[in-house]
Amino acid sequence: MDESCIAVVEDDREIRAMVVELLKREGFAVVGCGTTAEFDQLAGRQRIDLAILDIMLPGEDGLSLCRRLRAKGEVPVLLVSAKGDDIDRIIGLEIGADDYLAKPFNPRELIARARAILRRTRDRQRVVSVEPSERYRFGGWLIDAGGRTLIDPAGAPLDLTGGEFDLLLCFVTHPQRVLNRDQLLDWTRGRSASAFDRAVDVQLSRLRRKLADRPGGDTLIKTVRGGGYQFTTRVERA
């Protein structure tokens with residue numbers, strides 16, 4: 001049985017029961033919550049490894065809870081909504097959600113995306129415990145893969161979401177090599193990534209904007225016409 005605890009925050013009782021039962025059959029420990037207040041009570045009692053959030057909730061909505069989770073820590077978030085508009089997807093990813101799934105969804109796709117998020121989270125935890133000294137320097141910047149921190153040339157930390165950090169780490173570990181979108185999708189989102197999944201585009205755009213706000217950050221990632229993206233700066237192990 002998978003020891004990961006998943007919280008399903010969904011106000012529709014039937015849908016919540018269906019998703020909870022689906023995940024339990026896959027061996028996960030799952031708790032259903034009808035409101036964000038119920039989720040807060042649950043999170044106060046135990047560790048949450050993944051939050052599956054419906055956007056449309058009574059009172060505080062899923063987007064607001066996602067913002068709070070991102071501000072406080074690294075609880076991964078899978079947003080689910082009946083709204084299939086691109087704007088909802090983009091907003092969700094902009095505020096730090098790890099993935100987005102529109103209703104009605106294929107149950108197997110929900111399981112695959114949940115597993116992919118949890119796998120990336122466990123990989124990060126293994127890096128922290130097994131390779132605490134994996135650090136890289138580039139152009140005055142310092143990235144600590146174990147501690148999942150990024151320090152700019154002035155010595156100030158730059159806050160990145162989990163997805164943004166994973167993207168940057170892909171570039172840092174493959175410097176001066178042209179990486180196409182499919183490679184970035186596969187390395188950061190796993191085999192569950194859809195060929196039409198634009199999440200990586202949103203996260204990459206957000207990462208580049210954050211880097212550009214710091215001295216020298218605007219030249220780190222170059223767009224290669226017809227090919228993909230290239231990390232232009234020389235990288236050294238710290």
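Any read-out appearing in this document is the output of simple, stated calculations on the displayed coordinates, not a laboratory observation. Every value quoted in this text rests on a predicted model; they were computed, and no experiment measured them. Ideal geometry is used to build each Cβ from the backbone, glycine not excepted, and the neighbour counts take in all protein chains shown.
When the stretch 27-43 is filtered for residues that are over 22 Å from the mean Cα position of the chain (by Cα) and surrounded by fewer than 16 Cβ atoms within 10 Å (Cβ to Cβ), the ones remaining, listed by number, are G27, A37, E38, Q41.
Among the residues making up the stretch 31-48, those that are within 17 Å of L79 (Cβ to Cβ) and in a strand (DSSP E or B) are G32, C33. The set of residues in the stretch 200-238 being part of a helix (DSSP H, G or I), closer than 15 Å to L167 by Cα and hydrophobic (A, V, I, L, M, F, W, C) consists of V200, V202, L204, L207, L211.
Would you check which residues across the stretch 44-59 are surrounded by fewer than 17 Cβ atoms within 10 Å (Cβ to Cβ) and among the charged types (D, E, K, R) and list them? Full working, then the answer.
Narrowing the stretch 44-59 to residues surrounded by fewer than 17 Cβ atoms within 10 Å (Cβ to Cβ): 44-47, 56, 58-59.
Passing the criteria: R45, R47.
Every condition in (1) within 19 Å of P107 (Cα to Cα); (2) within 20 Å of the chain's Cα centre (by Cα) is met by V20 except one, and the failing one is (2). The residues listed here are A97, A51; of these, the one that is assigned to a strand (DSSP E or B) and among the small types (G, A, S) is A51.
Restricting R89, R16 to those that are outside any loop (DSSP other than H, G, I, E, B), without any contact (Cβ under 8 Å) to a residue 24 or more places away in the chain, of a type outside the set (V, I, T) and buried (at least 18 other Cβ atoms within 10 Å of the Cβ) reduces the list to R16.
Among the candidates D61, D49, D98, D11, which residue alone is touching a Ser or Thr at 6+ places or on another chain (Cβ under 9 Å), farther than 27 Å from R206 by Cβ and among the charged types (D, E, K, R)?
Values: D61 fails: farther than 27 Å from R206 by Cβ; D49 fails: farther than 27 Å from R206 by Cβ; D98 fails: farther than 27 Å from R206 by Cβ.
So the residue among D61, D49, D98, D11 that is touching a Ser or Thr at 6+ places or on another chain (Cβ under 9 Å), farther than 27 Å from R206 by Cβ and among the charged types (D, E, K, R) is D11.
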